[in-house]
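Here the structure comes first, spelled out in structure tokens, and everything after it is commentary.
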DNA sequence: GCCGTTTTCGGCCCGACTGTTTTCAGTCG
């Protein structure tokens, strides 16, 4: 039995990391099914809001077993982890191959088998050693490796490094909220807020910036230092505390007087270039703006500057000041504006839950309709469906729609082949309520080929939406390169909708391209890309990205009721003369 | 290692693509 006081601290994110490491380790062992089991468990843990430590304390191992993907085996491992700081099976496998697996497999194109070979033949443990070996041309001696593999790996490392130290917003936000709650609960604390890129809902954040109004700041700092989430103290003064979080990023906390809350919040929210422009504007008006200027609210600050209030997501110096001056800023889409979700998956392919369960979860998330967009046959890895299977799925959806509280739409995520052709026959596409298509391979075609490929999809009369258009994976795979001006022009011309995929590791389209697409007159959709009921929570991040791209509700088709949304789709429009 | 209104044991893992290969291993969502 473990008692709470003796329990080691592990956040859900950290547990998920360890489970993913177990997946890789058992993959190296040549296990066929265990890796998938560990991966599923990791996904499940990552998506959970309640800390596992709490589940374990209140409900014991049985409570852990209730989590989908966690059974007796993993529950026992986790109980051991929380009690002792590690578990025997993990230690046993790690001793065999003592390398930084998560760091290595994060490089695109490197998987567990490669990691194993790298360790056994070259004793490569981490990214630095891998880079050195690749530069020295040592990798090409390994079986199955050549000069091109080295090149590819070096490219992967470079991309990985350029992203290092930044967390995707979905990983940072829950921890920030938790820390905020804990600090807010201190009796001497009057106010606490997270500022910085997190408040601007940037796709990745490099650190957390907190502002706090406290009667006894040093006392507050002391208590923060004692948080289990804090790994090390970098600096601790009277007004500023800087710590390294277990999360892998730093956190700065600044104690400020309540009277300058607005100015400080504004200053520490950024962006830097936005702030510089505000300060220059103040100087022009004959006064000086800094974080200590006496503005209790941001609203008062913007008003004094002669600007309409500018939402944090818009503060990236892309014209917001000029428009704030003229009062022509867009009203960004509200966080509760979506009436439906247009991309989700079920057990028919790689989703974790049935259509019925996904529909129920979408309803619980406040949606009125949901599109089921399971994969097509070309993506065999996901169990992609053929034409006949779509017919069968349609029957199930018809039956569910008779009793479902929300409208379930028949759709598909059709795979786009190298040349822009699709892997599902037109007559199958015609039977759907709408169809989306997306790129899952051939990421590095030339700009010309990639552009032509996407335009060809736009020109298909039965593809209504292009899902995750750039195919990027945050911190892992760069966007495909295409002439987006040309692609958006074709989308506008053909009435093809571009998606903002809200999946936390995608956020695709991203802010800049969203703005460009809107400028080109293209309509957008926001899709959760949910593979489980938890997946709908991601919609929030898609909306944030839309706001950062200056999208208003009118630009996003699924802010409309289902009939109205469907009328906007290419397939339901009368052909223009 | 998980899961079960077809199963508490035997299913799960489907195939395209890449880079290296003369027949295949590894990655990917």
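The residue that is nearest to DNA strand B (Cβ to nearest atom), counting only those in segment A:92-105 that are under 30 Å from residue A:472 (Cβ atoms) and in a helix (DSSP H, G or I), is A:105.
From the list A:357, A:392, A:320, the one residue that fits, being within 17 Å of residue A:529 (Cβ to Cβ) and either assigned by TED's automatic domain parsing to the domain that holds residue A:515 or crowded, with 17+ Cβ neighbours inside 10 Å (or both), is A:357.
Scanning for something touching a residue at least 60 places away in the same chain (Cβ under 8 Å), buried (at least 17 other Cβ atoms within 10 Å of the Cβ) and closer than 22 Å to residue A:505 by Cβ, does segment A:175-183 turn up at least one residue? Looking through segment A:175-183, at least one residue is touching a residue at least 60 places away in the same chain (Cβ under 8 Å), buried (at least 17 other Cβ atoms within 10 Å of the Cβ) and closer than 22 Å to residue A:505 by Cβ.
Among the conditions (1) within 15 Å of DNA strand B (Cβ to nearest atom); (2) part of a helix (DSSP H, G or I), residue A:108 misses just one, which is (2). Residues in segment A:60-70 that are touching a helix residue (DSSP H, G or I) at 6+ places or on another chain (Cβ under 6 Å) and at pLDDT 90 or above were compared, and the one that is farthest from DNA strand B (Cβ to nearest atom) is A:63.
When residues in segment A:457-474 are screened for being surrounded by fewer than 19 Cβ atoms within 10 Å (Cβ to Cβ) and within 16 Å of residue A:168 (Cβ to Cβ), 1 of them pass. The conditions are (1) more than 10 Å from DNA strand B (Cβ to nearest atom); (2) free of Cβ contacts under 8 Å to residues at least 12 places away in the same chain; (3) in contact with a helix residue (DSSP H, G or I) (Cβ under 9 Å, 6 or more places away or on another chain), and residue A:57 fails exactly one of them. Which is it? Here residue A:57 clears every test but (2). If you go through segment A:375-384, how many residues are out of contact with any strand residue (DSSP E or B) (no Cβ under 6 Å at 6 or more places or on another chain) and outside any loop (DSSP other than H, G, I, E, B)? Counting residues in segment A:375-384 that are out of contact with any strand residue (DSSP E or B) (no Cβ under 6 Å at 6 or more places or on another chain) and outside any loop (DSSP other than H, G, I, E, B) gives 2. When A:380, A:425 are checked against the criterion of being without any contact (Cβ under 8 Å) to a residue 40 or more places away in the chain, more than 28 Å from residue A:360 (Cα to Cα) and surrounded by fewer than 19 Cβ atoms within 10 Å (Cβ to Cβ), A:425 stands alone in meeting it. Residues in segment A:166-205 that are out of contact with any helix residue (DSSP H, G or I) (no Cβ under 7 Å at 6 or more places or on another chain) and outside any helix (DSSP H, G or I) were compared, and the one that is farthest from residue A:229 (Cα to Cα) is A:187.
Working carefully through the options A:117, A:79, A:75, A:88, find the one that is near DNA strand B (Cβ under 7 Å from one of its atoms), closer than 18 Å to residue A:9 by Cα and out of contact with any strand residue (DSSP E or B) (no Cβ under 9 Å at 6 or more places or on another chain).
Numbers: A:117 fails: closer than 18 Å to residue A:9 by Cα; A:79 fails: near DNA strand B (Cβ under 7 Å from one of its atoms); A:88 fails: near DNA strand B (Cβ under 7 Å from one of its atoms).
Only one candidate qualifies: A:75.
Remark: pairs (first residue in segment A:62-81, touching a residue at least 40 places away in the same chain (Cβ under 8 Å) and closer than 19 Å to residue A:352 by Cβ; second residue outside any helix (DSSP H, G or I) and more than 7 Å from DNA strand B (Cβ to nearest atom); Cβ separation under 7 Å; 6+ apart in sequence or on different chains) = A:68/A:352. Is it the case that residue A:570 is more than 26 Å from residue A:329 (Cα to Cα), in contact with a strand residue (DSSP E or B) (Cβ under 9 Å, 6 or more places away or on another chain) and touching a residue at least 60 places away in the same chain (Cβ under 8 Å)? Answer is yes for this residue. Which of the residues spanning segment A:26-52 are more than 19 Å from residue A:72 (Cβ to Cβ), at pLDDT 85 or above and more than 11 Å from DNA strand B (Cβ to nearest atom)? Result: A:51, single match.
All of A:289, A:307 fail the test of being over 21 Å from residue A:519 (Cβ atoms), modelled with pLDDT of 95 or more and either assigned to a loop (DSSP other than H, G, I, E, B) or not assigned by TED's automatic domain parsing to the domain that holds residue A:221 (or both), apart from A:307. Being surrounded by 15 or more Cβ atoms within 10 Å (Cβ to Cβ) and touching a helix residue (DSSP H, G or I) at 6+ places or on another chain (Cβ under 8 Å) is a property that residue A:239 lacks. Set side by side, the residues A:106, A:117 differ, and just one is closer than 23 Å to residue A:444 by Cβ, in contact (Cβ under 8 Å) with a residue 12 or more places away in the chain and surrounded by 13 or more Cβ atoms within 10 Å (Cβ to Cβ), which is A:106.
Quick one: is residue A:196 under 28 Å from residue A:99 (Cβ atoms), surrounded by 13 or more Cβ atoms within 10 Å (Cβ to Cβ) and under 31 Å from the mean Cα position of the chain (by Cα)? Taking the combined requirement at face value, the residue does not satisfy it.
The values are calculated or read from the model by the stated rules, or taken from the named source; none is laboratory data. Keep in mind it's a predicted model, so treat the numbers as computed, not measured. Counting neighbours? That spans all protein chains shown, and the Cβs are built from the backbone with ideal geometry, glycine included.
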